[in-house]
1. Ranked from highest to lowest mean number of other Cβ atoms within 10 Å per residue, what is the order of the peptides 273-284, 150-161, 114-125?
2. Please name whichever of G280, V229, N121 sits farthest to the positive end of the charge dipole of the chain, dipole taken about the Cα centre and charges placed at Cβ: Lys and Arg +1, Asp and Glu -1.
3. Cut-off 10 angstrom, C-alpha nodes, Gaussian network model of the chain. Which of V105, V91, V295 fluctuates the most?
4. Arranged from highest to lowest average of other beta-carbon atoms within 10 Å per residue, in what order do the peptides 80-86, 178-184, 94-100, 303-309 appear?
5. Which of the DSSP-defined H helices in the chain satisfy a minimum axial length of 15 Å, computed from C-alpha atoms, and a minimum mean Kyte-Doolittle hydropathy of 0.0?
6. Please label the shape of the stretch 254-314 as rounded, prolate or oblate, based on the square roots a ≥ b ≥ c of the eigenvalues of the alpha-carbon gyration tensor (a/c under 1.5 means rounded; beyond that, a/b larger than b/c means prolate, else oblate).
7. Once phi is turned into θ = phi - 60°, what whole-Hz ³J(HN,Hα) does the Karplus curve with 6.51, -1.76 and 1.60 give for every residue of the stretch 278-283, x standing for Gly and Pro?
8. Rounded to the nearest 500 deg cm²/dmol, what is the calculated helix-only ellipticity per residue at 222 nm for the chain, with -39500 (n - 2.57) per DSSP H run of length n ≥ 4?
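Derivation of every value follows stated rules applied to the coordinates shown; laboratory data play no part. If you're wondering where the values come from, they're calculated on a predicted model, not measured in any experiment. Quick reminder, even Gly has a Cβ in these numbers, built from the backbone with ideal geometry, and neighbours come from all protein chains shown.
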Amino acid sequence: MAHASKPGATPAPHGDTPAVQVHGVRRVFTTGRGAQAREVVALDGLDLSVAQGSVHGLLGPNGAGKTTLCKILSTTLLPTAGRASILGHDVAADTQAVRRSIGIVLGGDRGLYGRLTARQNLELWGALYGLYGRNLRTRVAELLEEVGLTDRADDKVNGFSRGMKQRLHLARGLVGDPRVLLLDEPTTGMDPVAANSFRDFVARLKAEGRTVLLTTHDMAQAEAICDEVTLIDRGRVLTSGDPRRLARRLGTGERVEAWGVPGTVAARIENLPGASVRPGRPDGELCVDTDSSDVTRQVLTCLVEADVSTVRTGPPSLEELYVRVIGERKMRVSP
């Protein structure tokens, strides 16, 4: 992912109209038949608003409803109740306008043709968007360079690794020069170098005035690239906000890290109510999560009294917030 994409004619924003607006969306599936039939609620009155030109992360455990929401926003699934819109266009009543405005990356092998080359896949999708001739060839070449697949452009996709297919998915999502991109687990299968380049890729999309809504389990990535994140579970919003401020706003305490801590001091801090010492640190290193500012002050007092001078404090990371809010479910999936 080396160079910024060069959009053809991205329309100007529509004032203050949200890029994505979801109000009271409910989606119910019916499984089984007859006496065995039962309803499964995937989305339960979900509300969401995403500003134009922003990067918004949708976080939650498997079964939380993230992919269901992406399918509704991409018009491939109708909501059971509620309303959703893209740039003011209702996903149920104005599907063509929605489809012209969005690019979709749903991951896996869906939407790619293994017997075609990477170039042929993009040319096929470009033709569906009305591109042809030199414009189509130029657009495809730009996108292949953007996602680092120029050298494999004429190789068949069925020989690609999972990470390469994900990069081709990203290129496919941009073929129609969309103003809003829906990315469902876009870095799944990517190696660390490609996943890190993805952050620059998203930053360039934002600089072009595009809106990105992505689902991800990569908390560090979400914290690095998202303007806002929304945590959902069992089809409902738990909380939403700036990922770098969310933990502090929710009053989940702070993290204190210190070096050169005597063992007796570490033991005393570990016994403080509301202080949770992270295990597995080398002798002399201490990492403490506190549940309030008062506990943080007590921890710092212990360290200062022991003449510990190398100390760092700050809010919990997004990953720690996620674990605190959702983590007690462990491996359980929504019914």
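1. Descending packing order for the listed peptides: 114-125, 150-161, 273-284.
2. The residue sitting most towards the positive pole is N121.
3. Top of the fluctuation ranking is V295.
4. Answer by packing, highest mean first, reads 178-184, 80-86, 94-100, 303-309.
5. 192-207, 293-305
6. It comes out rounded by the Cα gyration axes.
7. 6, x, x, 8, x, 4
8. -9500 deg cm²/dmol
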